[in-house]
């Protein structure tokens with residue numbers, strides 16, 4: 001880290017009441033040996049939530065914060081009263097939390113750290129990025145506004161010089177990052193929710209928002225109704241037990257995959273162009289499965305190349 005960052009962090013520790021001492025011989029700062037975390041009177045529910053959450057989410061992951069949170073929870077657990085600690089550990093074994101598949105940033109830890117430094121020091125970052133929009137490796141100067149984790153992966157939002165405006169980048173697809181001497185200012189009042197608008201997830205569209213209606217068959221209607229999928233959603237039950245899902249969204253690229261996930265149990269009622277796009281995707285899937293056995297690609301190890309190797 002830079003010298004300025006180090007001294008800023010030292011000042012933050014002092015302001016928080018952490019006693020620091022400087023050793024002239026070694027030229028290093030340290031926390032005095034008699035300083036310890038003040039005892040905290042956790043309730044049973046508080047202690048259990050910390051242990052259950054961090055044990056499952058932090059185990060075996062290298063994603064920022066999750067692993068560190070688990071380590072911190074283990075320290076807190078050790079400071080609990082013996083009877084409370086024993087009860088929490090016992091019950092914690094019977095509680096599990098599972099999330100969607102997680103991008104653990106393997107190989108991108110240095111990129112993540114540089115982005116944090118860029119945000120802290122307000123230095124413009126020069127990045128090389130594997131773009132799935134341009135279908136090529138691009139280079140751009142990035143002014144990071146916000147780092148955020150969403151469902152599967154870490155993203156950074158910032159102004160891209162190549163696109164002359166704000167863009168969202170997947171941290172794992174940043175191939176290289178270099179901090180420049182050039183400084184930048186984060187827009188005053190920037191807000192993640194306001195930036196994403198009514199995007200179904202994280203991909204907002206420059207086109208006007210549109211009202212969509214999807215009809216779900218009775219067999220999945222209750223399942224759909226139990227989740228808040230979008231902040232603008234409105235549910236309308238029908239007499240036959242089916243469900244009309246209404247929402248106002250920005251862009252269709254992400255909601256299409258959600259609709260297709262329900263297969264024949266979901267039907268787009270409006271708008272017509274979304275209905276057509278979903279129908280086209282469904283037709284393409286049908287074409288794949290309509291092929292006969294002679295048209296299927298060879299199984300691994302059974303193609304002509306494999307036979308040559310066997311000889």
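Residues in region 61-101 that are part of a loop (DSSP other than H, G, I, E, B), crowded, with 16+ Cβ neighbours inside 10 Å and modelled with pLDDT under 70: 61, 63, 64. The residues in region 106-115 that are modelled with pLDDT of 75 or more and not in a helix (DSSP H, G or I) can be counted, and the count is 1. Screening 177, 202 for residues that are closer than 27 Å to residue 275 by Cα and outside the structural domain of residue 271 (by TED's automatic domain parsing) leaves exactly one candidate, 202. Scanning region 261-272 for residues that are in a helix (DSSP H, G or I) and within 16 Å of residue 223 (Cβ to Cβ) yields 263, 264, 265.
When we screen 214, 219 for residues that are within 30 Å of residue 275 (Cβ to Cβ) and surrounded by 18 or more Cβ atoms within 10 Å (Cβ to Cβ), the only hit is 214. Any residue at all in region 32-48 that is modelled with pLDDT of 75 or more and in a loop (DSSP other than H, G, I, E, B)? Looking for residues that are modelled with pLDDT of 75 or more and in a loop (DSSP other than H, G, I, E, B), one finds at least one in region 32-48, hence yes.
Residue 275 - would you say it is surrounded by fewer than 16 Cβ atoms within 10 Å (Cβ to Cβ) and assigned to a helix (DSSP H, G or I)? The answer is no for residue 275.
Conditions (1) within 26 Å of residue 8 (Cα to Cα); (2) modelled with pLDDT under 90; (3) assigned to a strand (DSSP E or B), marked per residue:
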position	(1), (2), (3)
104	no, yes, no
129	no, no, yes
133	no, yes, no
162	no, no, no
167	no, no, yes
177	yes, no, yes
188	yes, yes, no
195	no, no, no
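The values are calculated or read from the model by the stated rules, or taken from the named source; none is laboratory data. Note that the coordinates shown come from a computational prediction; the quantities given were computed from them, not determined experimentally. Backbone-built Cβ (ideal geometry, glycine too); neighbour counts: all protein chains shown.
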